[in-house]
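Q: Just dropping this structure here.
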Amino acid sequence: MKTLHLALRSLRNRRATALLTISAIAISVALLLGVEKMRSAARDGFANTVSGVDLIVGARSGQLNLLLYSVFRVGDATANVSWESYQKIAKHPDVAWTIPISLGDSHRGFRVMGTNGDYFKHYRFAGDREIRFASGKPFADLYDAVVGAEVAKQLGYTVGSKIVVAHGLGNVSFAEHDDKPFTVVGVLERTGTPIDRTVHVGLEAITAIHVDWQSGMQALPGGQVGADETRTMDLTPQSITAFMIGMESKVMTFTMQRAINEYRQEPLLAIIPGVALSQLWNLVGIADTALMIVAAFVVLAGLLGMLTAILTSLNERRREMAILRSVGARPRHVFTLLVAEAGMLATAGVAAGVGVCYGLIFAARPLLEKRFGIFFDPGGLTGYDSVILGTIIGAALLMGALPAWRAYRNTLSDGLTIRV
C-alpha cells in the first residue's frame with residue numbers, strides 16, 4: 001500500500017505528463033472497445049433479423065442478393081416469381097406455411113412491402129420473438145397499412161394517419177399513387193430489425209395501386225382507375241418479389257431447396273437464411289478484422305507513448321531514485337514503484353476509455369438507428385471485453401517493467417553522482 005501511495009504522489013507531481021498519457025490510452029481503448037461493440041451489434045443484428053424461416057425463394061440470382069432484398073430491404077430483385085409458381089410450391093404437402101413478399105415501392109424513403117396476414121402470424125426474429133403491435137391491428141381493408149416503429153417515430157404516424165405510397169424507391173419521388181391513399185391501422189413494436197423501417201400493405205393493395213400503370217408510368221387522365229373502382233376488380237397478383245417458407249419437417253428442407261433450384265417452369269433460387277447469413281458475415285468479416293487490427297495498433301501506440309513518457313522521465317528522476325535508496329528503499333521497491341505507476345496510468349486510461357466509449361455510443365445511437373438501421377443495447381462489459389481490457393493493463397505492466405529494470409540497476413552512487 002505504501003508503494004501505491006508513493007506512486008500516486010509521484011504521478012501527481014507529474015500530473016501534466018500523466019494526464020496526457022492517460023488521455024492517449026483512453027482514446028485508444030475507446031476506439032478498440034467501440035469497434036468491438038459495433039462488431040457485436042452488427043453481428044447480432046444480422047443474426048436476429050429473421051428466424052424460424054427454413055427457405056427464402058426468389059428469382060435466380062445470388063444468395064446474398066436474395067437475402068439482402070428480401071430480409072434487409074437492401075437492393076432490388078433481378079426478376080419476379082410468377083404467382084402460379086408460388087401457388088404450386090405453397091401447396092406442396094411438405095410446406096407448412098409461406099409468406100409472400102412484394103417490393104418495389106416506397107414512402108418518404110421507407111420501403112413498402114406487400115404481404116398477407118401470414119406475415120404477422122409466422123414471421124419470427126431474435127430467436128422466437130413474434131411481431132407485436134404497439135397499437136392498432138393488422139391490415140384488413142384494401143387500403144390499410146401497418147407501419148414499423150421507426151417509420152411511426154420519424155414521420156409521427158399513429159393509427160388513423162393517411163399516407164401516400166410512391167412508385168419506386170428514394171426519399172423524393174415524382175410518381176406517387178396519390179389517387180389511392182392508405183390509412184395506418186397498426187403500429188408495430190420496435191424489433192431492432194428492418195421491420196421497424198418498413199410500411200406493410202396487402203398484396204392486393206400493391207396490385208390495386210398499379211392497375212392503371214404500364215411500363216412504370218401512370219395512365220393518362222381518362223384512363224385512370226379510381227380507388228373505389230379497383231375494389232370490384234380481380235386483384236390477384238401476377239407475380240411477387242420473393243417468398244419465405246416454413247417446412248412441416250426440417251429434415252425436408254434440403255430436399256425442397258434442391259427441388260426449387262431445379263424447378264423447370266422458371267428459374268428460381270431457394271436459400272437457407274442461416275447459410276446465407278454466414279456467407280454475408282464472412283464477406284464483411286475481412287473489413288471487420290481489419291478494423292480490429294487498426295484499433296489494436298492504436299492501443300499499442302498509446303502504450304508505447306506511456307513507455308516513452310516513463311523512460312524519458314527516468315533521467316530526470318535519477319536523484320529521486322537515489323534518495324529513495326538512501327533512506328532505505330531496496331532496489332525491488334524502486335522496481336515495484338515504476339511498475340505500479342505504469343499500472344495506474346493504464347488502469348486510469350482504461351477506465352476513462354470505457355467511459356468515453358459508452359458516452360459516444362449513447363450519443364450516436366439515434367444516428368446509427370436512423371442512418372444505418374443498427375439497433376443495439378451496449379449493455380455492460382462482457383467477459384470478452386474484460387479480457388481485452390485486462391490484456392491492455394497486463395501489457396502496460398510488462399512495458400513498465402522495462403524502465404523499472406533500468407532504475408533497478410542504477411546504483412546509489414550512480415544516482416548521486418553529478419554528471420558533466
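Just so it is clear, none of the values below were taken in a lab; they were calculated from the coordinates. The structure presented is a predicted model; accordingly, all values stated were derived computationally and were not measured. Positions of Cβ are generated from backbone atoms using ideal geometry, with glycine treated the same way; all protein chains shown enter the neighbour counts.
Q: With the calculation restricted to Cα positions, what are the radius of gyration and Dmax of segment 55-271 in angstrom?
A: 17.2, 55
Q: Shifting gears a bit: Is there a quick way to get the dipole size of segment 55-271? I mean about its Cα centre, with the Cβ of Lys and Arg at +1 and of Asp and Glu at -1; what is the value in debye to the nearest 20?
A: Using Cβ point charges on Lys, Arg, Asp and Glu, segment 55-271 gives about 700 debye.
Q: What are the residues whose amide H is under 5 Å from the amide H of residue 112, where those residues sit 5 or more places off or on another chain and H is modelled from the backbone?
A: 104, 105, 106, 107, 199
Q: According to a simple spin-label model (label point 7 Å from Cα along Cα-to-Cβ), what is the distance in nm between residue 64 and residue 311?
A: In this crude label model, residue 311 to residue 64 measures out at 4.3 nm.
Q: Separation between the residue 250 and residue 262 pseudo-spin-labels, each 7 Å from Cα along Cα→Cβ, expressed in nm?
A: 2.5 nm
Q: If you don't mind, there's one more thing I want to ask. Let me check I've understood the local charge: for residue 78, count other residues with C-beta under 15 angstrom from its C-beta, Lys and Arg +1, Asp and Glu -1. What total comes out?
A: Value of the local net charge: -1.
Q: Starting from 0.36 nm per residue, how many nanometres of slack lie between residue 118 and residue 137 once their C-alpha separation is accounted for?
A: 5.5 nm
Q: Which order do the peptides 254-265, 199-210 come out in when sorted by mean C-beta neighbours inside 10 angstrom, highest first?
A: 199-210, 254-265
Q: To continue, here is another question. Just to be sure I understand the model, the point goes 7 Å from the Cα along the line to the Cβ. What's the resulting residue 42 to residue 304 distance in nm?
A: 2.6 nm
Q: Related question: Out of residues 5 or more away from residue 96 or on other chains, whose amide H comes under 5 Å of its own, with H placed 1.01 Å from N in the peptide plane?
A: Residues meeting the criterion, in which the H sits 1.01 Å from N, are 246, 247, 248.
Q: Anything over 24 Å Cα to Cα? Flag those among 91/250; 91/121; 37/250; 91/180, in the order listed.
A: From 91/250; 91/121; 37/250; 91/180, over 24 Å: 37/250; 91/180.
Q: Could you give me the ³J(HN,Hα) list for segment 392-399, computed from phi with Karplus coefficients 6.51, -1.76, 1.60 and θ = phi - 60°, whole Hz, x at Gly and Pro?
A: In residue order, the calculated couplings are 5, 5, x, 5, 5, 5, 5, 5 Hz.
Q: Take 153, 250, 180 and order them by how many other Cβ atoms sit within 10 Å, fewest up front.
A: The fewest-first ordering by Cβ neighbours comes to 250, 153, 180.
Q: Another one. Along the charge dipole of segment 55-271, which of 99, 147, 55 sits closest to the positive end, that is, farthest toward it, with unit charges on the beta carbon of Lys, Arg, Asp and Glu (+1, +1, -1, -1)?
A: Of 99, 147, 55, it is 55.
Q: Under a Cβ-only charge scheme (Lys and Arg +1, Asp and Glu -1), can you give me the dipole magnitude of segment 3-83 about the Cα centre, in debye to the nearest 20?
A: My answer is approximately 720 debye.
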